[in-house]
1. Relative to the first principal axis of the alpha-carbon coordinates of the chain, what is the inclination of helix 242-255, with its axis defined by its Cα atoms, in degrees from 0 to 90 and to the nearest 10?
2. Averaging sequence separations of C-alpha pairs under 8 Å and six or more residues apart, then dividing by the length of the stretch 57-177, give the relative contact order as a whole percent.
3. In degrees from 0 to 90, rounded to the nearest 10, what is the angle of the helix 37-53 Cα long axis to the longest principal axis of the chain?
4. For the chain, build the charge dipole from Cβ charges (+1 Lys, Arg; -1 Asp, Glu) around the Cα centre, then report which of VAL250, SER233, SER164 sits farthest towards its positive end.
5. Is it possible to state the helix-based mean residue ellipticity at 222 nm for the chain, with each DSSP H run of 4+ residues giving -39500 (n - 2.57), the sum divided by total residues, to the nearest 500 deg cm²/dmol? What is it?
6. Where in the stretch 123-184 are there chymotrypsin sites (Phe, Trp or Tyr not before Pro) that are in a DSSP coil and have at most 10 other Cβ atoms within 10 angstrom of their Cβ?
7. If we sort 192-204, 35-47 on the protection proxy, mean other Cβ atoms within 10 Å, highest first, what's the order?
8. Could you state the angle between the C-alpha long axis of helix 68-77 and the longest principal axis of the C-alpha atoms of the chain, as a value from 0 to 90 degrees rounded to the nearest 10?
Amino acid sequence: MKVFTCLKETPSRDTRYELSPDSSWIGNAEVTHEISECDEYALEEALKLKEQHQGEVVLLTAGRAESEKSMRKGLAMGADRGVLILDRERELSSPYRVAAALEKVLQDQEYDLILTGTQSDDYGYAQTGPMLAQLLGLPHATIVMQIQVQEDRGSVRALREMESGWFEWVEIPLPAVLTIQAGISQIRYATLRGIMQARRKEIRKIELGGLGLDLSSMPHLEIERLYFPEQTSKAEMIEGTPDEIASTLVDRLRREAKVL
């Protein structure tokens, strides 16, 4: 079984963020990066499938050149090789543009499954996976919690998380695209042997301009300004007897909050 796993590098969840001078994005000077959480769970599911059914796990990333570091972590965990689409000028500014770039690489590849995270830690659009499936003309399932590949039937069963605590099983033919939910399993650690082997594994780099995409005809998103939330209210303790506190609270709800 051959599984492509799409990874995105995002600012670390533990980083104290500072804005860039023009407030258009996060400043990169002191920011560390890591694999987006849902994508890391997608990689874990791909590695489990490899262990169960044999085959190959290929990482596919679109991002800056420094994304290779995060990809090396994925290779150390057990992936076999990687493909990095170099987006040096951050031109892949929308889920559709990202999906279109990934589709260009995948259209000539052989695979049984394509796994992505449900959504990324930075933008959280949750659109890239479904758009990629549409561009490739493949069936897909989103917010997947469990995967059961049925090789004899040429299909995959996926447990999807629904609203209000409900779940559903769906069966779709292979090849297919699945978007994986975070928190569904225990992420493995890279072993020392895996880290050493990762240094020798191939990461093929492809310039975005070499894919032949007409980005000018594709929708894009432009961030005008990022800012930290401003404090506009504070907590205040009301003191006194229970009757005085109740009277003061009712008066403030009537005069200030205007909810009574």
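1. 70 degrees
2. 20 percent
3. Roughly 30 degrees, rounded to the nearest 10.
4. Of the listed residues, the answer is SER164.
5. Values: 6 runs with 69 residues, N = 260.
Here the helix-only value at 222 nm equals -8000 deg cm²/dmol.
6. TRP166
7. Descending mean neighbour count gives 35-47, 192-204.
8. 70 degrees
Throughout, read-outs are computed from the coordinates displayed, never taken from laboratory work. Just so you know, these numbers come straight off a predicted model, no measurement behind them. Don't worry about glycine lacking a Cβ; one is built from the backbone with ideal geometry, like all the others, and counts go over all protein chains shown.
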